[in-house]
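S.K.: First, the structure itself, so that you have it in front of you.
The values are calculated or read from the model by the stated rules, or taken from the named source; none is laboratory data. Because the structure is predicted, anything quoted here is derived from the model rather than measured. Cβ placement follows ideal geometry from the backbone for every residue including glycine, while neighbour counts extend to all protein chains displayed. Side chains are part of the model used for accessible areas, which takes the heavy atoms of the whole protein and leaves out ligands, DNA and RNA. Shrake-Rupley method; radii C 1.70, N 1.55, O 1.52, S 1.80 Å.
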Amino acid sequence: MSLNRIINSKSFDIGKSLLAFNLRYNGKFVPHPPQYRCFRTQARSLAYAKDLFLGQINKAEVFPYPEIGNEELEELNQFVAPVEKFFNENVDSKKIDEDAKIPSETLDGLKELGLFGMQVPEEYGGLGLSNTMYARLGEITALDGSIAVTLAAHQAIGLKGILIAGTDAQKEKYLPKLASGEHVAAFCLTEPGSGSDAASVTTRATLSEDGTHYLLNGSKMWISNGGFADIMTVFAKTEVVDQEGVKKDKMTAFLVERAFGGITSGLAEDKMGIRGSNTCEVVYDNVPVPLENVIGEVGGGFKVAMNILNSGRFSMGSSGAGMMKKLIEMTAEYATTRKQFNKKLSEFGMIQEKFALMATNAFVMESMAYLTAGMMDRPGVPDCSLEAAIVKVFSSEGSWICVSEALQVLGGLGFTKNYAYERYLRDCRILLIFEGTNEILRMYIALTGMQYAGKILTGKIKEMKRGNLGMAVGMMGQKLRSSFGGTKDFGLTGKDGLVHPSLADSALKLEQNVYLFGSAVESVLYRYGKSIVDEQLVLKRVADVIINLFAMTAVLSRASRSISIGLRNHDHEVPTPADTGTEMYHAPENNDASIKKIAEQILEKRAYVCAHPLDRTF
Amino acid sequence: MSGRVLVGVKRVIDYAVKIRVKPDHSGVVTEGVKHSMNPFCEIAVEEAVKMKEKKLIKEVVAVSCGPQQVQETIRTALAMGADRGIHVEVSAKEYESLGPLQVSKILAALAKKEEAQLIILGKQAIDGDCNQTGQMTAALLDWPQGTFASEVTLEAGHVKVVREIDGGLETIKINTPAVLTADLRLNTPRYATLPNIMKAKKKKIANVKPADLGVELASKLQVLRVDEPPQREAGVKVESVDDLVGKLKEAGRI
């Protein structure tokens with residue numbers, strides 16, 4: 001009897017700590033009376049990837065693959081046509097790269113097309129596009145790296161702060177001109193002394209004597225559009241007095257207009273790639289910023305910065321895919337005409353392997369990007385920062401490797417400036433650096449997931465240590481099962497399986513992997529405890545596994561849908577998940593047959609063959 | 001005059017696509033292939049919208065004949081500035097045999113119904129290359145025609161058209177109502193900007209059946225076979241004129 005009471009009270013404690021975890025996770029401390037039920041009064045907790053750390057597949061989040069309505073799809077296709085036409089006819093990427101400048105006529109054309117306000121709501125003069133539609137247009141703008149970055153710096157991060165944390169007055173005042181492109185925006189966080197360590201910025205905003213405005217002093221570095229932006233989101237330290245009356249320095253986000261005066265932009269940086277995009281230093285010398293130009297709360301700037309960066313990251317997946325598809329076309333043309341040893345290049349295995357690699361990567365990038373965009377478009381503002389980070393890491397590295405392989409197919413020709421490959425390679429390199437370096441993002445991915453898993457597991461482990469027999473037996477049983485190669489059925493295959501039967505093998509592999517991953521995370525946490533934060537190499541491996549797991553999930557979900565609805569060329573999608581799955585499973589399996597098959601399909605059509613994941617058949 | 005201009009737009013395979021013949025030689029592959037508005041139709045729409053912007057006419061109506069998909073093309077015309085659209089519904093089967101004669105009958109009927117002051121068409125479609133619809137429409141209506149227009153000036157009661165002809169340029173003056181067909185150098189069509197595409201969603205497209213217009217779609221033409229052009233073969237170099245003559249005689253050319 002007394003044992004029961006102890007257990008009950010422990011459960012109560014665990015429940016409370018879990019509840020507290022939920023509330024505290026979202027950043028705000030919400031004081032709560034002891035409750036037995038969890039009220040959903042704040043944003044949904046992280047969507048899918050977090051649960052993978054517990055060895056759980058949150059099926060409802062990712063199956064079925066997100067779809068958009070027929071009307072939306074038609075509208076989207078209508079949008080794609082003029083943008084593609086513009087990029088084919090009016091964008092001379094070679095010249096932009098050589099001159100390190102985007103001609104003003106081109107910029108004007110982009111503004112007229114409406115590309116400067118894609119995600120600004122219609123009522124403020126923008127297009128009000130959802131994340132999915134934005135991602136789709138990102139596939140086209142990616143054809144020119146400098147333009148893509150200029151547009152992204154302006155709207156994905158530059159004016160995003162106003163969209164997600166601005167007051168109605170700020171939106172009304174600034175958004176219309178930003179949407180039309182009359183004003184261009186920039187995101188100013190990085191400084192000479194603080195890049196990855198964003199919280200260490202030294203730019204200061206001090207309250208004026210009469211308390212009506214702040215005076216901004218400091219300098220920012222690597223600011224895209226910094227040379228000509230009219231509106232900047234600037235992050236600076238402000239003195240804040242916390243609850244206990246202690247003075248602290250906290251970051252605040254400010255909406256700064258160049259017109260305020262005191263702002264100087266340095267010379268444009270001479271860069272390896274994306275040379276047409278303007279990047280420079282921006283110096284603030286006693287710039288007066290009115291109080292009403294604070295974005296969000298004073299002292300809440302770090303969170304605003306992270307939210308802004310998280311919200312734009314996923315589109316790198318579709319940009320990468322768009323670029324890859326173009327490269328596959330270009331490279332296939334060459335490989336099917338060039339002959340050596342009396343055979344076309346396309347008949348050689350090593351060349352075929354490169355095409356299979358490019359196609360697989362494009363497929364995975366597409367699948368992940370639109371899965372994440374679809375999740376983000378769901379009502380309730382879910383937090384997909386983990387998934388977005390995964391998409392960014394995979395897409396940046398995948399693009400870099402694939403562009404290099406494409407260049408290799410052309411050999412010496414690929415190395416010359418007569419072809420676009422070397423420019424694409426130079427433009428791609430930055431993807432691994434900006435928007436959060438891949439190293440930082442891997443730490444973020446691993447630690448966020450492990451923190452989540454840790455909180456839940458701490459409860460379980462504490463229970464076990466306190467002698468909760470039931471818990472102990474359960475955990476031992478699990479360990480025995482996994483060491484004897486037992487598997488867990490997550491409901492992806494079988495009679496009511498969510499995955500199409502033809503993909504059952506790959507689905508089983510995914511389930512296996514997730515289960516093993518869950519156990520691996522448990523062991524790591526048990527072994528290192530809190531000091532896991534310093535074990536970067538372990539965390540890197542954890543991050544790599546979860547990136548692969550998410551990739552497998554996205555691919556299975558998308559292929560399942562394509563096959564189920566009979567999308568054009570859906571039969572070409574089957575080898576890809578199998579391929580992706582096997583490679584990531586690290587099993588010593590030979591993929592040669594499916595590599596040949598994928599390469600054949602592409603080289604025959606001289607293009608990427610799979611239907612777009614947003615396409616519908618009805 | 002009504003101040004209304006009818007513009008015909010056709011949905012064709014995009015000019016940049018590599019055309020492939022169907023294995024059964026009955027036509028070209030259109031499934032899954034990128035389609036867009038015929039480039040000469042774009043020029044026609046642009047001319048009509050320009051006239052409206054100069055306040056020379058009051059309304060631009062975009063017309064297209066075909067199955068459901070042609071609505072995309074009408075929407076593009078609306079996004080470029082047309083005021084409303086008319087979709088003449090033709091089933092996919094009937095569309096295969098729809099030619100310039102049938103289309104011109106439809107356009108003639110619509111022009112009378114809508115009391116159009118002008119009909120502007122592209123000079124030809126890049127799939128059929130017929131170059132007949134404009135001329136046939138004018139004949140059916142007994143209207144004057146200004147074809148291969150590279151410059152159009154609308155004045156009270158008549159139109160001055162500068163035409164591109166083999167010998168150079170010809171300027172004619174014709175009375176309205178009239179039919180014009182647009183040539184390449186008439187203007188540079190604008191892009192349908194994304195904000196305009198969104199505004200165009202609110203513009204109306206009316207559905208009409210050919211029977212409603214009293215038009216019979218039966219065609220007296222039948223396509224027997226479609227083939228790719230013969231593969232271009234390598235040339236042969238000869239040493240002298242006599243050799244050349246000899247080779248030509250061999251090939252049965254002279």
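S.K.: Collect the residues in region B:224-254 that are at pLDDT below 90, surrounded by 10 or more Cβ atoms within 10 Å (Cβ to Cβ) and within 27 Å of the chain's Cα centre (by Cα), keeping them in residue-number order.
M.R.: Hit for region B:224-254 is B:Glu228, nothing else.
S.K.: Also: Pick from A:Tyr65, A:Tyr134, A:Tyr25: which is open to solvent by less than 50 Å² (accessible area, probe 1.4 Å) and either within 19 Å of A:Ala152 (Cβ to Cβ) or at pLDDT below 85 (or both)?
M.R.: Exactly one residue qualifies, and that residue is A:Tyr134.
S.K.: Let me ask something else about it. All but one of (1) surrounded by fewer than 16 Cβ atoms within 10 Å (Cβ to Cβ); (2) of a type outside the set (Phe, Trp, Tyr); (3) more than 14 Å from chain A (Cβ to nearest Cβ) hold for B:Thr188, so report the exception by its number.
M.R.: The single condition B:Thr188 does not satisfy is (3).
S.K.: Tally time: how many residues in region B:19-47 are assigned to a loop (DSSP other than H, G, I, E, B) and not β-branched (Val, Ile, Thr)?
M.R.: Count: 11.
S.K.: Among (1) outside any loop (DSSP other than H, G, I, E, B); (2) at pLDDT below 95; (3) open to solvent by 60 Å² or more (accessible area, probe 1.4 Å); (4) closer than 21 Å to B:Val63 by Cβ, there is one condition B:Glu216 misses while meeting the rest; what is its number?
M.R.: Unmet condition: (1).
S.K.: Now for a different question. For A:Leu567, indicate whether it is modelled with pLDDT under 85 and open to solvent by less than 40 Å² (accessible area, probe 1.4 Å).
M.R.: Considered against the rule, which asks whether it is modelled with pLDDT under 85 and open to solvent by less than 40 Å² (accessible area, probe 1.4 Å), A:Leu567 comes out as yes.
S.K.: Right, next: Would you confirm, using the coordinates I've provided, whether A:Gly125 is within 14 Å of another protein chain (Cβ to nearest Cβ) and open to solvent by 10 Å² or more (accessible area, probe 1.4 Å)?
M.R.: The answer is yes for A:Gly125.
S.K.: Regarding region B:49-64, can at least one residue be identified that is buried (at least 23 other Cβ atoms within 10 Å of the Cβ), β-branched (Val, Ile, Thr), closer than 29 Å to B:Ile19 by Cβ and free of Cβ contacts under 8 Å to residues at least 60 places away in the same chain?
M.R.: Yes, region B:49-64 has at least one match.
S.K.: Residues of region A:203-259 being assigned to a loop (DSSP other than H, G, I, E, B), within 14 Å of A:Glu292 (Cα to Cα) and either of a type in the set (Val, Ile, Thr) or in contact with a Pro (Cβ under 7 Å, 6 or more places away or on another chain) (or both), which ones?
M.R.: Correct list: A:Thr212 only.
S.K.: So is A:Met324 surrounded by fewer than 24 Cβ atoms within 10 Å (Cβ to Cβ), of a type outside the set (Lys, Arg) and assigned to a helix (DSSP H, G or I) or not? Don't jump to the end; show me each part of the working.
M.R.: Values: surrounded by fewer than 24 Cβ atoms within 10 Å (Cβ to Cβ): no; of a type outside the set (Lys, Arg): yes; assigned to a helix (DSSP H, G or I): yes.
For A:Met324, the condition - surrounded by fewer than 24 Cβ atoms within 10 Å (Cβ to Cβ), of a type outside the set (Lys, Arg) and assigned to a helix (DSSP H, G or I) - is not met.
S.K.: Quick one: which residue in B:Val29, B:Val45 is within 14 Å of chain A (Cβ to nearest Cβ) and more than 27 Å from B:Val208 (Cβ to Cβ)?
M.R.: B:Val29
S.K.: A follow-up question, please. Name the single residue that is nearest to B:Gln117 (Cα to Cα) among those in region B:48-75 being within 14 Å of chain A (Cβ to nearest Cβ) and outside any loop (DSSP other than H, G, I, E, B).
M.R.: Residues of region B:48-75 that are within 14 Å of chain A (Cβ to nearest Cβ), as a first pass: B:68-75.
Right, trim to outside any loop (DSSP other than H, G, I, E, B) and you get B:70-75.
Values: B:Val70: 24, B:Gln71: 24, B:Glu72: 26, B:Thr73: 23, B:Ile74: 20, B:Arg75: 22 Å.
Only one residue tops the list, namely B:Ile74.
S.K.: Here's something else I'd like to know. Any residue in region A:144-155 that is over 27 Å from A:Arg423 (Cα atoms), open to solvent by 20 Å² or more (accessible area, probe 1.4 Å), away from chain B (no Cβ under 12 Å) and not acidic (Asp, Glu)?
M.R.: Narrowing region A:144-155 to residues over 27 Å from A:Arg423 (Cα atoms): none.
Within region A:144-155 (the criterion being over 27 Å from A:Arg423 (Cα atoms), open to solvent by 20 Å² or more (accessible area, probe 1.4 Å), away from chain B (no Cβ under 12 Å) and not acidic (Asp, Glu)), the answer is no, since none of the residues qualifies.
S.K.: If the requirement is being more than 14 Å from every other protein chain (Cβ to nearest Cβ), surrounded by fewer than 16 Cβ atoms within 10 Å (Cβ to Cβ), free of Cβ contacts under 8 Å to residues at least 60 places away in the same chain and within 13 Å of the chain's Cα centre (by Cα), which of these qualifies: B:Asp129, B:Asp142? Lay out the reasoning, then the answer.
M.R.: Working: B:Asp142 fails: within 13 Å of the chain's Cα centre (by Cα).
Only one candidate qualifies: B:Asp129.
S.K.: Also: Identify, please: which residue in region A:102-122 is assigned to a loop (DSSP other than H, G, I, E, B) and away from chain B (no Cβ under 14 Å) and is, among those, surrounded by the most Cβ atoms within 10 Å (Cβ to Cβ)?
M.R.: Among those residues, the one meeting the criterion is A:Ile102.
S.K.: While we're here: How many residues are of a type outside the set (A, V, I, L, M, F, W, C) and either touching a Lys or Arg at 6+ places or on another chain (Cβ under 6 Å) or in a helix (DSSP H, G or I) (or both) if we restrict to region B:132-167?
M.R.: Final tally of qualifying residues: 8.
S.K.: Determine if region A:447-455 includes at least one residue that is part of a loop (DSSP other than H, G, I, E, B) and at pLDDT 85 or above.
M.R.: So far as region A:447-455 goes, no, none of its residues is part of a loop (DSSP other than H, G, I, E, B) and at pLDDT 85 or above.
S.K.: What number goes with the only condition from (1) of a type in the set (Val, Ile, Thr); (2) closer than 21 Å to A:Phe260 by Cβ; (3) surrounded by 18 or more Cβ atoms within 10 Å (Cβ to Cβ) that A:Ile140 does not pass?
M.R.: (2)
S.K.: With respect to B:Ala79, determine if the residue is assigned to a helix (DSSP H, G or I) and either more than 25 Å from A:Gly114 (Cα to Cα) or within 12 Å of another protein chain (Cβ to nearest Cβ) (or both).
M.R.: yes
S.K.: A further question on this structure: Scan the helices (runs of 4 or more DSSP H) fully inside region A:331-418 and keep the ones with 3 or more residues being open to solvent by less than 40 Å² (accessible area, probe 1.4 Å) and of a type in the set (A, V, I, L, M).
M.R.: Correct list: A:349-376, A:385-410.
S.K.: Can you give me the number of residues within region B:191-207 that are of a type in the set (Gly, Ala, Ser) and at the interface with another protein chain (Cβ under 8 Å from one of its Cβ atoms)?
M.R.: 1
S.K.: Check region A:188-197 and report whether any residue there is more than 24 Å from the chain's Cα centre (by Cα), over 21 Å from A:Arg275 (Cα atoms), outside any loop (DSSP other than H, G, I, E, B) and not basic (Lys, Arg).
M.R.: To start, the set of residues in region A:188-197 that are more than 24 Å from the chain's Cα centre (by Cα) comprises A:192-193.
Restricting the remaining residues to those that are over 21 Å from A:Arg275 (Cα atoms) gives A:193.
Keeping just the survivors that are outside any loop (DSSP other than H, G, I, E, B) gives none.
No, the conditions are met nowhere in region A:188-197.
S.K.: Related question: Given (1) small (Gly, Ala, Ser); (2) under 19 Å from A:Ala229 (Cβ atoms); (3) within 14 Å of chain B (Cβ to nearest Cβ), where does A:Ser130 come up short, assuming only one miss?
M.R.: (2)
S.K.: Name the one entry in B:Ile197, B:Ile119 that is at pLDDT below 95, outside any loop (DSSP other than H, G, I, E, B) and surrounded by 21 or more Cβ atoms within 10 Å (Cβ to Cβ).
M.R.: B:Ile197
S.K.: Looking only at residues in region A:82-101 that are among the aliphatic types (A, V, I, L, M) and under 17 Å from A:Gly114 (Cα atoms), which one is nearest to the other protein chains (Cβ to nearest Cβ)?
M.R.: Ranking the qualifying residues of region A:82-101, first place goes to A:Val83.
S.K.: Hey, another quick one. Looking at this structure, is A:Lys177 touching a His at 6+ places or on another chain (Cβ under 8 Å), of a type outside the set (Asp, Glu) and open to solvent by 10 Å² or more (accessible area, probe 1.4 Å)? Before you say what the answer is, go through the steps one by one.
M.R.: Values: touching a His at 6+ places or on another chain (Cβ under 8 Å): yes; of a type outside the set (Asp, Glu): yes; open to solvent by 10 Å² or more (accessible area, probe 1.4 Å): yes.
Taking the combined requirement at face value, the residue satisfies it.
S.K.: Within the group B:Lys93, B:Lys112, which residue is closer than 15 Å to B:Val7 by Cα, among the charged types (D, E, K, R) and either free of Cβ contacts under 8 Å to residues at least 40 places away in the same chain or in a loop (DSSP other than H, G, I, E, B) (or both)?
M.R.: B:Lys112
S.K.: If I go through region B:168-194 residue by residue, how many of them are assigned to a strand (DSSP E or B) and touching a residue at least 40 places away in the same chain (Cβ under 8 Å)? Even if it seems obvious, please write down each step before you answer.
M.R.: To start, the set of residues in region B:168-194 that are assigned to a strand (DSSP E or B) comprises B:168-175, B:178-182.
Right, trim to touching a residue at least 40 places away in the same chain (Cβ under 8 Å) and you get B:178-182.
Of the residues in that region, 5 qualify.
S.K.: Here are some residues: A:Thr487, A:Thr437. Which one is among the polar types (S, T, N, Q) and either open to solvent by less than 30 Å² (accessible area, probe 1.4 Å) or modelled with pLDDT of 90 or more (or both)?
M.R.: Sole residue among the options that is among the polar types (S, T, N, Q) and either open to solvent by less than 30 Å² (accessible area, probe 1.4 Å) or modelled with pLDDT of 90 or more (or both): A:Thr437.
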